[in-house]
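Read the figures in this text as sums done on the coordinates, not as results from a lab. It should be emphasised that the depicted structure is a prediction, and the values quoted were computed from it without experimental measurement. Cβ placement follows ideal geometry from the backbone for every residue including glycine, while neighbour counts extend to all protein chains displayed.
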Amino acid sequence: MQPRSALRISASDLKVQDRVVACESWAVPPPIHRVPVELIRNIFLLIKAIASPEEQQDNPHLGGIRTWMAVSHVCSRWRRIALETKDFWTYIPLRARNLGSTQLALERSAPLPISFNIGYRFSMQAKYQEAAMLALRELPRARELYLWLDNGKSKDDDAAREDFVNTVDEALYSNPAPLLERFESAKGYHDRCLFLGQVPQNLRVLMLRDSEQSSISNLLQAPLKSLQLLNCEIKVLEILQAQQRGAP
């Protein structure tokens, strides 16, 4: 019969062995780490592509990040893959509370085409305006551009929004958008021609309201696949002629 001290040592040895086995099991990478990087990258891009408009907004339950971007916070490997995938960052977030996210997305996506939307109901927030202007400086890279309108809560809000709208309009009038494929705007354009009067040759979807033909005549010459105009002063025959001129 073994003495008690020997038994205690044996028990201690067993505990040490258990720890060694546990450490060895922790060292085995999980199955997801055996998935090729290119496949994970494609999954990330698919999640981003099918994200709904609601998912593209800031999610307070995920620390203020967008739902589809949460995959970049799962583990260090996924984070590294996301950071190395420029396409993942081509939707530019405009956030009133975090200007850095706009700057990072613009940097990480460069020089690829980008998409962003500007909501005029946030016009009274200085940080949001600054984020929007950062994105508009990259207008030559814009592939999709959405501008939407909402009434302010007071006359002061409406006045602040009007100033912001004018600033955005000036950027749209004064810069080309050669890569633009989709342009949707809930406000009207008058007197001056958008995008320096140049025809965005990639433009396929155009949705406008309350605009004069003189301001959008260049857009009507693009090879459009979808055209929606609401309360616009447009001559249908001239639209058809413009489409014929723009046809290859």
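Rank the residues K225, K127, K48 as a footprinting-exposure proxy: fewest other Cβ atoms within 10 Å of their Cβ go first. Write down the numbers at each step before the final one.
Values: K225 10, K127 15, K48 21.
If I rank by nearby Cβ atoms, fewest first, I get K225, K127, K48.
Under 5 Å between amide H atoms, partner at least 5 residues away or on a different chain: which partners does I114 have, H built in plane at 1.01 Å?
The answer is A142, R143, E144.
How far apart, in nanometres, would the label points at Q198 and L224 be if each is projected 7 angstrom from Cα along the Cα-to-Cβ direction?
2.1 nm
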